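**Student:** I'd like to ask some things about the structure below.
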Amino acid sequence: MKITILTNIYFKLLYILMSPTDNNFKKPQIFSEQLETLKQQLPAILDDYNKYYVLYNTNPDYNEYQQSFTKIQGNLNQLNSQLFTLSNDVQSSTNNINKTLFALNDLITDEKTENGSLQKQLKNIQSDNFATSEMIINYKQIYSEGYLRNWGLLLSIIIAGFAIKKVYSTKLINPIPIK
């Protein structure tokens with residue numbers, strides 16, 4: 001009975017984990033790799049940004065500095081947007097995992113309550129089984145006692161029958177004449 005309950009729980013968990021909505025989970029290594037890539041790009045972009053910021057602010061009329069500053073500012077904004085997208089992806093993945101875990105928790109709670117009621121039923125069945133076993137033992141004992149009593153009565157009847165036969169079947173050697 002417990003094996004059946006455990007296999008039901010196992011297959012329900014597999015069903016939830018194999019459902020199509022759960023295939024959106026990305027592995028944490030993918031997020032880590034993307035973040036590492038952004039971290040590697042950031043120092044070079046910041047160095048260029050500092051350099052072109054100073055050059056652009058010292059010579060705002062020089063067109064090449066303005067273009068370089070705008071280009072590096074665009075790179076920094078692009079890096080910022082990639083970081084924001086990565087953050088949203090992580091949050092979305094976390095929300096999906098939380099939804100799945102809440103669903104699993106609900107299933108586990110349901111299975112625990114079902115298990116509790118089944119445990120109560122099992123205890124009732126076991127107590128009924130113990131009572132039935134005790135009744136069977138009592139009936140066997142009563143049967144054995146009745147069986148022995150009947151054999152004792154049969155043996156007593158046979159012995160009494162032989163005794164009565166013996167008493168009434170003895171021949172008198174000298175019968176008394178009747179006058």
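The values are calculated or read from the model by the stated rules, or taken from the named source; none is laboratory data. All of these numbers come straight from a predicted model, not from anything done at the bench. Every residue, glycine as well, gets a Cβ built from its backbone with ideal geometry; the counts of neighbours run over all protein chains shown.
**Student:** When you check Thr85 against the structure, is it surrounded by fewer than 13 Cβ atoms within 10 Å (Cβ to Cβ) and β-branched (Val, Ile, Thr), yes or no?
**Tutor:** Yes, satisfied.
**Student:** Among the residues of the range 60-87, count how many are within 39 Å of the chain's Cα centre (by Cα) and at pLDDT 90 or above.
**Tutor:** 2
**Student:** (1) exposed (fewer than 15 other Cβ atoms within 10 Å of the Cβ); (2) over 18 Å from Gln29 (Cα atoms); (3) of a type outside the set (Ser, Thr, Tyr): which one isn't true of Asp48, the others all being true?
**Tutor:** It fails just one condition, (1).
**Student:** Under 9 Å by Cβ, and 6 or more places apart or on different chains, what pairs join a residue from the range 72-95 that is outside any helix (DSSP H, G or I) with one that is among the hydrophobic types (A, V, I, L, M, F, W, C)?
**Tutor:** Filtered contacts from the range 72-95: no entries.
**Student:** Run down Leu118, Leu79, Leu101, Leu55 and say which single residue is surrounded by 13 or more Cβ atoms within 10 Å (Cβ to Cβ) and within 30 Å of Phe31 (Cα to Cα).
**Tutor:** None of the others qualify; the one that does is Leu79.
**Student:** With respect to Ile158, is the statement that it is modelled with pLDDT of 85 or more, assigned to a helix (DSSP H, G or I) and under 30 Å from Phe25 (Cα atoms) true?
**Tutor:** Judged against the criteria, Ile158 is not a match.
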